Amino acid sequence: MNKIQLPNYTIEFIKQLIPQREPIIMVDAIFEYEDGKVVGGLTVKNDSIFVENNQLKESGILEHMAQTVALYTGYQFYIRNESAPTGYIGSMKSIEVNRLPKVNENLTTTAIILHEVMGVTLVSIETKIEGEVIAKGEMKTVIAET
C-alpha cells in the first residue's frame with residue numbers, strides 16, 4: 001500500500017482513519033503521524049452540531065481531541081491495510097479548556113502517546129489556535145471489542 005502524503009485534508013481519507021461519520025466528524029486534517037505522536041486539525045464550521053453562539057462548545061473540543069487520538073489509531077491500521085476500529089473515550093484527566101474557539105478558527109491538536117497496550121491508549125493532548133494553547137489534558141481511549 002502506498003503511504004498517503006501528509007498533511008492531508010481529504011475528508012475521504014480522514015473517514016478511512018476514524019469511525020465517526022457526519023454530522024459528528026470533528027477532525028478535517030491530519031498534519032503529522034509518527035510512532036508515538038499524531039497532529040490533527042479542525043476548522044470550526046458554523047453548521048457543526050457542537051457550535052452554539054458562533055463558538056465551539058467544550059464538548060466539541062473534547063470530541064475533537066478524542067478524534068485526533070482516533071486518527072493515530074486509524075493511521076496505524078491504515079498502514080497495515082486494515083479497517084479503522086471503533087473506539088470510545090475511556091477517561092479524561094486534568095482537562096483544561098482556556099477558551100472556546102470561534103467559527104472559522106483553525107484548531108491544531110497534538111496527541112503524544114504515553115502508553116498503549118491491548119487496545120487502550122493513554123495520551124497527553126494539547127489543542128492550539130495560532131500557537132495559543134486553548135485546551136490540554138490527558139485522555140484514555142479504548143478500542144471496542146469486535
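The values are calculated or read from the model by the stated rules, or taken from the named source; none is laboratory data. Source: prediction; values computed, not measured. Cβ atoms come from the backbone with ideal geometry, glycine included; neighbour counts cover every protein chain shown. These area figures cover heavy atoms from the full protein model, side chains too; ligands, DNA and RNA do not enter into them. Shrake-Rupley method; radii C 1.70, N 1.55, O 1.52, S 1.80 Å.
Could you go through the range 30-40 in sequence order and give the Karplus-derived ³J(HN,Hα) for each residue, using 6.51 cos²θ - 1.76 cosθ + 1.60 with θ = phi - 60°, rounded to whole Hz, and x for Gly and Pro?
Those phi angles translate into 10, 8, 8, 9, 8, 4, x, 7, 9, 10, x Hz.
Within the chain, what whole-number % of the accessible surface is contributed by carbon and sulfur, with the 1.4 Å probe and all protein chains included in the calculation?
Working: 3710 of 7850 Å².
Looking at the chain in its full context, I get 47 percent from C and S.
Could you name the aspartates and glutamates in cross-link range of K45, using Cα to Cα under 19 Å and dropping any fewer than eight places away on the same chain?
E12, E22, D28, E58, E63, E105, E130
Probe 1.4 Å, all protein chains in place: accessible area of I95 in Å², nearest 10?
Number for this one is 60 Å².
As a test of reading the structure, rank H64, H115 by solvent-accessible area (1.4 Å probe, protein chains only), most first. Mind dumping the intermediate values first?
Values: H64 0, H115 110 Å².
My answer, sorted largest first, is H115, H64.
Which whole-Hz ³J(HN,Hα) couplings does the range 122-135 yield from phi under the Karplus relation 6.51 cos²θ - 1.76 cosθ + 1.60, θ = phi - 60°, glycine and proline marked x?
With coefficients 6.51, -1.76 and 1.60, one gets 9, 10, 9, 9, 9, 10, 10, 10, 6, x, 8, 6, 9, 7 Hz.
Given the pairs K93/K136; K37/K128; K37/K140; K15/K128, which span a C-alpha to C-alpha distance of over 18 angstrom in this model?
On the way: K93/K136 10 Å; K37/K128 16 Å; K37/K140 14 Å; K15/K128 23 Å.
Result: K15/K128 exceed 18 Å.
Given a 1.4 Å probe and the protein chains all in place, what does the accessible area of R99 round to, in Å² to the nearest 10?
Rounded to the nearest 10, that gives 60 Å².
Hey, can you find the accessible area per residue of the range 11-143 for me, probe 1.4 Å, expressed in square angstrom? Provide the component values of the computation, followed by the final result.
Numbers: 6540 Å² over 133 residues.
Each residue of the range 11-143 exposes 49 Å² on average to a 1.4 Å probe.
For a quick check: with amide H placed at 1.01 Å from N, whose amide H comes under 5 Å from E105's, ignoring anything fewer than 5 positions away on the same chain?
For E105, whose amide H was placed from the backbone, the distant partners under 5 Å are V44.
Just the number: Rg to Rh for the chain, Cα atoms, Kirkwood Rh, two decimals.
Values: Rg = 14.1 Å, Rh = 15.1 Å.
A ratio of 0.94.
Quote the accessible area belonging to E116 in square angstrom, nearest 10, computed with a 1.4 Å probe and with ligands, DNA and RNA left uncounted.
Solvent-accessible area, nearest 10 Å²: 80 Å².
What size of dipole, in debye to the nearest 20, comes out for the chain about its Cα centre when the only charges are +1 on Lys and Arg C-beta atoms and -1 on Asp and Glu C-beta atoms?
On the way: 13 positive and 19 negative charges, 12 e Å.
For this selection, approximately 60 debye.
What's the center-to-center distance, using Cα atoms, between the range 10-63 and the range 107-146 in Å?
13 Å
Can you compute the helix-only [θ] at 222 nm over the chain? Use -39500 (n - 2.57) per DSSP H run of at least 4 residues, normalise by all residues, nearest 500 deg cm²/dmol.
Numbers: 2 runs with 29 residues, N = 146.
Helices in the chain give a 222 nm mean residue ellipticity of -6500 deg cm²/dmol.
Sort I113, I18 from largest to smallest accessible area, using a 1.4 Å probe on the heavy atoms of the protein chains. Numbers along the way, then the final one.
Working: I113 30, I18 5 Å².
So the residues, ranked largest to smallest area, are I113, I18.
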